[in-house]
Structure formats: C-alpha cells, structure tokens
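The values are calculated or read from the model by the stated rules, or taken from the named source; none is laboratory data. Computed from a prediction, not measured in an experiment: that's the story for all the values here. All Cβ positions, even for glycine, are placed from backbone atoms using ideal geometry, and neighbour counts span all protein chains on display.
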Amino acid sequence: MTEAAVAVERLEKTLGKNRVLRGISFSAQPGEIFGLLGPNGAGKTTTLRIISTLLSPDSGTVELLGFDTRKAPEEVRRRIGVVTADIGVYPRLSARENIVYFARLSEVRETDLRRRVDAVIERLDIGSFADQRAESLSSGQKQKVAIARAIVHDPQVLMFDEPTSNLDVLASREVREFMVESKGRGKCVIFSTHVLHDAERLCDRITILHEGQVVASGTTTEVRGAEPELEDAFLDLVGAK
Amino acid sequence: MRAAWIVYRKELIEILRDRRTLMAIGIAALATPVVLSVISQIASRTATQVYTIGYTGDIPVGLDVLFEATSLKLVPVADPAAAAKQQVDIGVAFLPGGEIDEYYDPSRQSAQIASTRLETILGQYDAAQAAAALRTRGIDPGILTPLHLVAHPLSSPVQAASNSFLSFFLPYILITMILTGGFSAALDSTAGERERKTLESLLLTPAPRSRVLLGKIGAVTTISLVAAVAAIGSMFLALTQVSLPGPSGSTHISLSPVAIPIMVWVALLIAISFSSVTLALGTLAKSFRQGQAYVTPLYFITIFPASIILFIPDFNPSLAYYLIPILNAVLVLRDAIVHNTVVWPTLAVTSISLVGTGALSWYAALRLFTREALLTRS
C-alpha cells in the first residue's frame, strides 16, 4: 500500500457539551475514493473540518501528505479542495470572478491564472454561464462553480461533504462522475455521505461513524459482509435494525 | 499582504455592486444639501415672518408705526387672552394710564418670538418718549444713558456664526456618514458571508485569517471615507448657496484652511476604528438582520459625545477629555474650525486615543474571526 494521503489517529473533539468525536482513526490513499459514512450527527462534518484545519482536535493527530494539521495548517490548506453541501457563492460576482478569487487566494500564480481558470471552466462545462452573476445561477450551476473554485489550484486531496444533497438527479450524476474522474487522476477523494447507494457505487473503501466512533472500516464488500445490501449492514452497525 | 489586497479588491467590487451601499452613499451625498436647504428656508422665513397681535383698547400714538416696521400686525379682538390661545400669536390689552397687559402661550414658538419683539418695541418707544419729554424741558436726553458700550469684535461676527454652525454640523455629519456609509458593507462582508455560506470556503484557502480580515477592514474603511467625503463635499457645495446677512452684505460659510487636513486625518482614524468595530459585531451575528440589531446601538453610543458640543457650546475641556474617542475628534475639529488653529498636544492625545481604539477593535475583530465558534455556532 502507498503512503496515506490522509492519516487520522485517535481523533477526539468536543463542541460545547457534545462529545462529537471519540477517538476515531482511519487513512485514505491517493487514487481512491474513501467514503466517510454515518447518520446525521455521527461526526462526519467535524472530521472533515479538522482535516481541513478549520477546527483543532482536542487530542489525536491528522496528517495530510505528511503535514500535521496543527503544525502546518497553511501547507495543508494549499493541498486540499473542499466541496460542501452548502453551495455558497458570491452572488454579485460572476461565476468566473468567483473562481478567479479563490484561485488567487489559493496562490495560483498570475501567469498561470487564466489558463487554470479556463481549464476548470471547460472541464466542468461552465462556459455557457461563466460570465453571469452567480445570483442568477441554478443550484446545479452553483455547485459546479463551487467545485471549480475547490479544484482550481489542482489540490491532491479532494473532500466532498454531502455534495449531492441539494442537487437534482442530473447535477448529482455530474458530481459523481467528477469524483470518479479525479480518482483516475490519482487524487485522494474523501466522500462524506449518508446516501449509502452512492457510497456503494463509488467508494473503494469506507469507514462508518456512529456517535463519534468508528463502527466499521474496509472495502464495501468487507463491511457489507453477509448482508445483501450495504444499507442492511449499516442499519445493523448503528443499532437501527 | 497579497491575500489582503486580493480580499480588499474583491470586497470593493462586491460593495460597489451592492444597491444598499450605493444607496447609503447616495443618501449621504443628497441628505445634507436637502437638510441645509430646508434649514435655510425656515430660517429666512422666520426672519421675515409677520406675527399678529390681537389687541383691545387705544394704541398709544406712534406705537403702531413701530409695530408695522418690525412685522407685527395689529388685529382688533374682543378678548386678547382667548385670542392668544390660537387666533393670534399674542394678545395685548392697552389699558388707561399706560398699562399694557400681554397674553401669550409660552409653548408656542411664534408667541415667544412675537413677545420678544413686543418687549423690544416697547423699550424703544419708552426711550423715545422719555427723550422727547426731556428735550421739551431743555434737558439732554443723554443723561438717560450715562454709560456707552462700544463693541469691538475681535473676529467677524458673521464668520463666528458660520464657524459655530460648522463646528457642530461638520463633526456630526462626518461621524454619521462614516458609520452609516460602512455599516452595510461591514455587515455584508461578515454576517452576510456567513448567511450566504461562503465563509467556510473562504477560510479553507491558505490565506491567513488576519490578512483576510485586513482586506475586509480596508474595504469598509475606504467605503466609509467615500461616504464621508461625498457628504462633506455636497455639504460645502450646498453652503455656497447659503449666505448669512452681515453689515457688508451677505457672507458665504467657508471652512478654515487648517480644518481641512485635520478633518481628513480624524476621518481616517475614525473610519478605521469604526470598520474594525462593525466587522467585529458583524462577525458575532448569524445573519445580516441580526448584525443590524448589533450595530444600530453603536450609532447612538458614538453620536452621543458629538451631541455634547450642541448642549454645551462653550465646553472648555482639559487634556484628559481628549482621551475619550469620538468626543476628542469632535473637540479637535471644533478647535480647528472655530479658532483656525491646531493645538498640537490635543491633536496628539486624540490621535493616540483613536489609534489605540482602532488597534483594540482590530484585535477584538481578529479574535472573533479566528475562533472556532465562527463556524460551529449555528
């Protein structure tokens, strides 16, 4: 096995009075889609926020491509791209201006800027609405802008937090296809979802979180075990069966 | 610093495309001339206003001429006391033996003005009658006024009136417009960022949060200054149309040359402090509307010290007063406008105080902007 792109060790986090993470560990490799599964409140988003340095762990460590999230947060953020369920774009900027803004903040050199932005616009088929103000875009178009701004600096690790939850069928399919394509380009894709069907189709390996703890880890086949569907195994693991 | 510049440029573009901010600046530019025009019209109307006096009895000989010359119109009424309640401005009963009863309602401003004019006329009439009586007896009327006051004003009374007007109005406009001009922009770039869910993506970039905040403060400060300059510029444009009457014709209100650089310096310091404070408050808010609720009291808190000048026009404070933010700005501006001079110790203390306030506000904003609750508080 190659060196892990993301290595999480005994992670603990309390927010307010809520003990959200209780010592979780997992690792994700380059060139794979790693699924982080669990019901709402399991700790998926908190985990992704710790990996992306938005939150600090109370204990435990996270290393991303060899960089400790606590010791080198800016190095970590240079190497990640995050797409969340909340498709927040700047409404008074055009789609292109939104992407350019994030490219600059992600330290894309001015000499490469135009080429990079044009490349992601083409890759995500944004060209037809690139110069429209973001406030006039549909949810699917906004999600494409959100993906474009997350990948414009060509990060090695991509994290998707419930990326299809606000999208229609067509837009969801495009997001899934993009994740598969990124995996093919050697990226480490971490996919947080509670849609087990998506996870089963896309993920190479999964970890199931429940009440801040890892309750299962492995390939989808390993986690499913003797159950006919991943959903059955999931319900069994979280005690809902 | 590149990240701060990137954020600054983007914030300015967004602000300039925001109808709310453009409206605030537009109102800032238009409100002052409109207010000044209304004040000017009311003032000139008050000066030439004819007030009515309802009277009974016989008017002393020659007094009616004085009434007419001072725009007091005499109207015969049955009951001067009843008429003074609404029908006329004041009521007067001329009684035999030279006694005059006056009836007026002190709660009516027109009654107060008419009453003052009546007292002045009667004083002049009494003096003229006494002087005439003395002359017929061959006595110099000068014995009635043994002391002669000859006034030698050290500056132009018209300019003094102009300076007095500016010393209140200008700081008030400056502070109000700096705050209201940047208000919407500050909330939009903090609470608005959270509300439209762009904050998390912004914080996921490698840009240090201190630089992001610096860019935002820079943009809000710029827009606050633009609003203040628009308001003050339009105020001076409007003042060129307003004139004060003087012995040598009418005089336009003008600002002393010393006051202009002082005003720019003080405006800059206030704008930086206000930007940091409003951004800090906006960071605490979950939505634009909640941010408005947090920031609105700030206006009243800050405008109160400026109002002290209105109620205590001859307020002559010690140096320690110049440590109080906003009040110190108003006092320094007043000194520059009224005395056309810079008092360096007070300017130094004021600058230190405002820079200190700005630094503390910046620190508070940074602390709030870097805490985890910025994202986890829902």
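Out of region A:14-40, which residues are farther than 18 Å from residue A:217 by Cβ and without any contact (Cβ under 8 Å) to a residue 60 or more places away in the chain?
Within region A:14-40, A:14, A:15, A:16, A:17, A:18 qualify.
Restricted to region A:67-89, and to residues that are without any contact (Cβ under 8 Å) to a residue 24 or more places away in the chain and closer than 18 Å to residue A:27 by Cα, which residue is surrounded by the most Cβ atoms within 10 Å (Cβ to Cβ)?
If we take residues in region A:67-89 being without any contact (Cβ under 8 Å) to a residue 24 or more places away in the chain and closer than 18 Å to residue A:27 by Cα, then A:69 is surrounded by the most Cβ atoms within 10 Å (Cβ to Cβ).
Can you name every one of the helices (runs of 4 or more DSSP H) wholly within region B:1-98 that holds 2 or more residues which are away from chain A (no Cβ under 14 Å), within 30 Å of residue B:189 (Cα to Cα) and among the small types (Gly, Ala, Ser)? Step through it out loud before you land on a result.
On the way: elements: B:2-16, B:19-48, B:63-69, B:80-83.
Where helices (runs of 4 or more DSSP H) fall fully within region B:1-98 and carry at least 2 residues being away from chain A (no Cβ under 14 Å), within 30 Å of residue B:189 (Cα to Cα) and among the small types (Gly, Ala, Ser), they are B:19-48.
Show the residue pairs that are 6+ apart or on different chains and have beta-carbon atoms under 8 Å apart, the first residue being within region B:106-123 and touching a residue at least 60 places away in the same chain (Cβ under 8 Å), the second being assigned to a helix (DSSP H, G or I).
Going by the 8 Å Cβ cut-off, the qualifying pairs are B:113/B:46.
Which condition breaks for residue A:56 when tested against (1) surrounded by fewer than 22 Cβ atoms within 10 Å (Cβ to Cβ); (2) more than 10 Å from chain B (Cβ to nearest Cβ); (3) farther than 26 Å from residue A:223 by Cβ?
With respect to (1) surrounded by fewer than 22 Cβ atoms within 10 Å (Cβ to Cβ); (2) more than 10 Å from chain B (Cβ to nearest Cβ); (3) farther than 26 Å from residue A:223 by Cβ, residue A:56 is out only on (2).
Just give me the residues in region B:252-266 being in a helix (DSSP H, G or I) and surrounded by fewer than 23 Cβ atoms within 10 Å (Cβ to Cβ), in sequence order. Don't jump to the end; show me each part of the working.
Let us first name the residues in region B:252-266 that are in a helix (DSSP H, G or I), namely B:259-266.
Within region B:252-266, B:260, B:261, B:262, B:263, B:264, B:265 qualify.
In region B:182-204, which residue that is within 7 Å of chain A (Cβ to nearest Cβ) and free of Cβ contacts under 8 Å to residues at least 40 places away in the same chain is farthest from residue B:291 (Cα to Cα)? Steps first, answer last, please.
As a first pass, look at region B:182-204 and keep what is within 7 Å of chain A (Cβ to nearest Cβ): B:196-198, B:200-201, B:203-204.
Those still in the list that are free of Cβ contacts under 8 Å to residues at least 40 places away in the same chain too: B:196-198, B:201, B:204.
Numbers: B:196: 14, B:197: 16, B:198: 17, B:201: 21, B:204: 24 Å.
Among residues in region B:182-204 that are within 7 Å of chain A (Cβ to nearest Cβ) and free of Cβ contacts under 8 Å to residues at least 40 places away in the same chain, the one farthest from residue B:291 (Cα to Cα) is B:204.
When the residues of region A:101-125 are filtered to those that are among the acidic types (Asp, Glu) and touching a residue at least 12 places away in the same chain (Cβ under 8 Å), which remaining residue is farthest from the other protein chains (Cβ to nearest Cβ)?
The extreme case among them is A:125.
Evaluate the following for residue A:130: is it touching a residue at least 24 places away in the same chain (Cβ under 8 Å) and not acidic (Asp, Glu)? Let's see the steps before the verdict.
Numbers: touching a residue at least 24 places away in the same chain (Cβ under 8 Å): yes; not acidic (Asp, Glu): yes.
Taking the combined requirement at face value, the residue satisfies it.
Being among the hydrophobic types (A, V, I, L, M, F, W, C), under 27 Å from residue A:9 (Cα atoms) and modelled with pLDDT under 85, is that true of even one residue in region A:225-232? Quick ask: steps written out before the conclusion?
Our first condition is that a residue be among the hydrophobic types (A, V, I, L, M, F, W, C); within region A:225-232, this holds for A:226, A:230.
Then drop every residue that is not under 27 Å from residue A:9 (Cα atoms), which leaves A:230.
Keeping just the survivors that are modelled with pLDDT under 85 gives A:230.
Yes - at least one qualifying residue is present in region A:225-232.
Within region A:81-137, count every residue that is of a type in the set (A, V, I, L, M, F, W, C), closer than 21 Å to residue B:4 by Cα and either assigned to a loop (DSSP other than H, G, I, E, B) or touching a Cys at 6+ places or on another chain (Cβ under 6 Å) (or both).
Adding up the residues that qualify gives 3.
What tally of residues in region B:358-378 results from selecting those that are assigned to a helix (DSSP H, G or I) and within 14 Å of another protein chain (Cβ to nearest Cβ)? Walk me through it before giving the result.
To start, the set of residues in region B:358-378 that are assigned to a helix (DSSP H, G or I) comprises B:358-370, B:373-376.
Filter once more, keeping what is within 14 Å of another protein chain (Cβ to nearest Cβ): B:369-370, B:373-376.
Residues meeting the conditions: 6.
Considering only region B:48-98, state which residues are among the aliphatic types (A, V, I, L, M) and free of Cβ contacts under 8 Å to residues at least 24 places away in the same chain.
Correct list: B:50, B:61, B:65, B:69, B:74, B:75, B:77, B:78, B:81, B:82.
Which condition breaks for residue A:32 when tested against (1) modelled with pLDDT under 90; (2) within 21 Å of residue A:176 (Cβ to Cβ); (3) among the charged types (D, E, K, R)?
Exception for residue A:32: condition (1).
If you go through region B:122-142 one residue at a time, do you hit one that is within 32 Å of the chain's Cα centre (by Cα) and over 30 Å from residue B:340 (Cα atoms)?
no
What's the number of the condition residue A:71 fails, among (1) in a loop (DSSP other than H, G, I, E, B); (2) within 12 Å of chain B (Cβ to nearest Cβ)?
For residue A:71, the exception is condition (2).
Quick one: residue B:148 ticks every box in (1) part of a strand (DSSP E or B); (2) not assigned by TED's automatic domain parsing to the domain that holds residue B:77 bar one, so which box is it?
Condition not satisfied by residue B:148: (1).
How about region B:328-351: which of its residues are part of a helix (DSSP H, G or I), out of contact with any Ser or Thr (no Cβ under 9 Å at 6 or more places or on another chain) and aliphatic (A, V, I, L, M)?
Initial filter on region B:328-351 (part of a helix (DSSP H, G or I)): B:328-339, B:344-351.
Those still in the list that are out of contact with any Ser or Thr (no Cβ under 9 Å at 6 or more places or on another chain) too: B:344-351.
Across region B:328-351, the qualifying residues are B:347, B:348, B:349.
Filter region B:299-327 for residues that are part of a helix (DSSP H, G or I), at pLDDT 70 or above, surrounded by 12 or more Cβ atoms within 10 Å (Cβ to Cβ) and within 18 Å of the chain's Cα centre (by Cα) and give the result.
Answer for region B:299-327, where residues must be part of a helix (DSSP H, G or I), at pLDDT 70 or above, surrounded by 12 or more Cβ atoms within 10 Å (Cβ to Cβ) and within 18 Å of the chain's Cα centre (by Cα): B:299, B:302, B:303, B:307, B:327.
Taking the condition of being within 7 Å of chain B (Cβ to nearest Cβ) and buried (at least 24 other Cβ atoms within 10 Å of the Cβ), how many residues in region A:90-100 meet it? Spell out the reasoning first.
In the first step, residues of region A:90-100 are kept if they are within 7 Å of chain B (Cβ to nearest Cβ); the result is A:90-93.
Filter once more, keeping what is buried (at least 24 other Cβ atoms within 10 Å of the Cβ): A:90.
Qualifying residue count, region A:90-100: 1.
Check region A:142-155 and report whether any residue there is acidic (Asp, Glu) and either touching a residue at least 40 places away in the same chain (Cβ under 8 Å) or in a helix (DSSP H, G or I) (or both).
So the first thing to find is which residues in region A:142-155 are acidic (Asp, Glu), and the list is A:154.
Among the residues that remain, those that are also either touching a residue at least 40 places away in the same chain (Cβ under 8 Å) or in a helix (DSSP H, G or I) (or both) are: none.
Among the residues of region A:142-155, not one is acidic (Asp, Glu) and either touching a residue at least 40 places away in the same chain (Cβ under 8 Å) or in a helix (DSSP H, G or I) (or both), which makes the answer no.
If we keep just the residues of region A:20-50 that are within 11 Å of another protein chain (Cβ to nearest Cβ) and aliphatic (A, V, I, L, M), which is nearest to residue A:69 (Cα to Cα)? Give the steps one after another, and end with the answer.
First, pick out the residues of region A:20-50 that are within 11 Å of another protein chain (Cβ to nearest Cβ): A:20, A:45-46, A:48-50.
After this cut, where a residue has to be aliphatic (A, V, I, L, M) as well, the list is A:20, A:48, A:50.
Working: A:20: 19, A:48: 12, A:50: 8 Å.
Applying the filter and picking the extreme gives A:50.
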